[in-house]
Amino acid sequence: MKNLNLLKDSKSLLSKYLTKKVFEELKNRTTKDGFKLENIINSGLENPDSGIGVYATDEECYKIFASLFDPIIEEYHGFKTTQKHKSNLNPDDLKWQNPDPKGEFIISTRIRVGRNLKNFPLGAGISKSQRDETEQKISETLNSFEGELGGKYYPLEGMGESDKNLLIKEHFLFKEGDRFLKSAGLNRDWATGRGIFHNYQKTFLVWINEEDALRIISMQKGGDIKEVFSRLSTAITKIQAKLPFAYNDHLGYITSCPTNLGTAMRASVHIRLPNLGADMKTFQQIADKYYVQIRGIHGEHSKSEGGIYDISNKRRLGVTEVQCVQDMIDGVTALIAKEKDLN
Ligand code: ADP
Ligand code: CIR
């Protein structure tokens, strides 16, 4: 294990909650699949600028290493160990009004959920042969879809560089994992076992074996958030009927990063907010009030470009999918109102 002194100046939740007492309690523990504390905390140790700093290797580690995970989960999601997760994928339960009916601010909408297969380790722990097996199972299921969700699976290995770069530039495809994911072990054997499925219109996409076994994505231009959610909801139900996902009543859908537990949902818009971008204090205050997160437009840890931001729900656990999308709608509505005021 790397030296814990690396956390000396870190502000990560790992550094906050890996107290001497917790370390002593957990240092010799192992999950049934053989994963240890060092596997879980390596990303935070090698990247002291992490916000969180931990990745799960398998579903069981959330129990075995609960005295580290629980307070991190509680602080990020405001979710207590006594609570149960709940789900609602019904788009008709949204309080829906298009926040940008004239299309002046919202460029595109994307909603994704993460999923992992039951009885397989998570990406940080999975072996190459297990990963290849999950790729086979998932792509076979998706390739059998017809109608609006029908499309084709494209393995990353062997994909032409120009095709790949165009898909990344157009926000459809993932890049090789960043240093946080690399230190977690999520880039092992890259690019084998990874790929993307998408329908013809590229409004329904599934990433296979990026940070989670599946990232199920619905996206389109403009701000019709309800339509994007409806398509996603249908897709999740169809996939779930064929593939058993890792899930429990307490943590909901099990994911590699504890920030994604529960719904594993990130509902986002790319939105033009140059006035707020020039007043980050106000921007952040509104974001905090409405439980939304501000990101750059080329993925997590990227910078904004041309006053365009990625705004998404922050809470994912202990709230339903409908609430996640509602948080984003309400946050975006408030941000647009302020952006207009600042003109
Ligand atoms: P994730 O949603 O998996 O947490 P990222 O923040 O890394 O991941 O974003 C993944 C990709 O999705 C990036 O290319 C990003 O630009 C794109 N993306 C996210 N939200 C939107 C959106 N509303 N419209 C278009 N592309 C988006
Ligand atoms: C970190 O700890 O900063 C990275 N491992 C990413 C954490 C997940 N992202 C997030 O909360 N925005």
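Observations on the structure shown:
- Vicinal HN-Hα couplings computed from phi for segment 311-321 (Karplus, 6.51 cos²θ - 1.76 cosθ + 1.60; Hz; Gly/Pro x): 10, 9, 5, 9, 7, 9, 10, x, 10, 7, 4
- Length released on extending from Asn143 to Lys21, taking residue separation times 0.36 nm less the Cα-Cα span: 39.0 nm
- Whole-Hz ³J(HN,Hα) from phi, Karplus 6.51 cos²θ - 1.76 cosθ + 1.60, for segment 280-291, glycine and proline x: 4, 5, 4, 3, 5, 4, 5, 4, 5, 4, 9, 6
- About the Cα centre, charge dipole magnitude for segment 11-77 (Lys/Arg +1, Asp/Glu -1 at Cβ), debye: 260 debye
- One decimal place: the segment Met1-Asp33 gains 9.7 nm when fully extended, by the rule 0.36 nm per residue minus the C-alpha distance.
- Approximate spin-label separation Leu342-Glu176, in nm, with each point projected 7 Å along Cα-to-Cβ: 3.7 nm
- Considering helices alone, the calculated mean residue ellipticity of the chain at 222 nm is -10500 deg cm²/dmol, with DSSP H runs of length four and up weighted by -39500 (n - 2.57) and normalised per residue.
- The chain - percent relative contact order, Cα under 8 Å, separation 6 or more: 22 percent
- Dipole in debye (nearest 20) - segment 122-215, about Cα centre, beta carbon charges: Lys, Arg +1; Asp, Glu -1: 240 debye
- Proximal lysines to Lys221, defined as alpha-carbon separation beneath 18 angstrom and excluding residues fewer than eight positions away on the same chain: Lys102, Lys169, Lys202
- With contacts taken as Cα pairs under 8 Å and at least 6 residues apart, segment 11-77 reaches a relative contact order of 39 percent.
- Greater than 31 Å apart at Cα, pairs in Lys86/Lys242; Lys2/Lys152; Lys36/Lys289; Lys20/Lys289: Lys2/Lys152; Lys36/Lys289; Lys20/Lys289
- Met265, Met280 arranged by Cβ crowding within 10 Å, fewest neighbours leading: Met280, Met265
- Look at where the Cα atoms of segment 256-302 and of segment 27-46 average out, and the two centres are 30 Å apart.
- Highest-MSF residue in the chain out of Thr203, Thr234, Thr82 [GNM, Cα springs under 10 Å]: Thr82
- Stretching the chain fully between Asp163 and Glu133 yields a gain of 8.3 nm (0.36 nm per residue, less the alpha carbon separation).
- Under 5 Å between amide hydrogens, built in the peptide plane, is the criterion, and for Gly318 it picks out Lys86, Thr263 among residues at least 5 positions away or on other chains.
- Label-point gap, in nm, between Asp9 and Asp93 - each point 7 angstrom along Cα→Cβ: 4.7 nm
- Distance between the 7 Å Cα→Cβ label points at Asn275 and Thr237: 4.1 nm.
- Couplings for segment 329-338, taken from phi via the Karplus curve 6.51 cos²θ - 1.76 cosθ + 1.60 with θ = phi - 60°, read 4, 5, x, 5, 4, 5, 5, 5, 4, 5 Hz in order; Gly and Pro are left as x.
- Basic side chains Lys and Arg get +1 at the Cβ, acidic Asp and Glu get -1 at the Cβ, and with that the dipole of segment 91-342 about its Cα centre reaches some 240 debye.
- Stokes-Einstein diffusion for the chain at 20 °C, viscosity 1.002 mPa s, with a Kirkwood radius from C-alpha pairs, works out to 104 µm²/s.
Just so you know, all these numbers are worked out from the coordinates, no wet-lab data involved. Just so we're clear, the structure is a prediction, and the values are computed from it rather than from any experiment. Cβ atoms come from the backbone with ideal geometry, glycine included; neighbour counts cover every protein chain shown.
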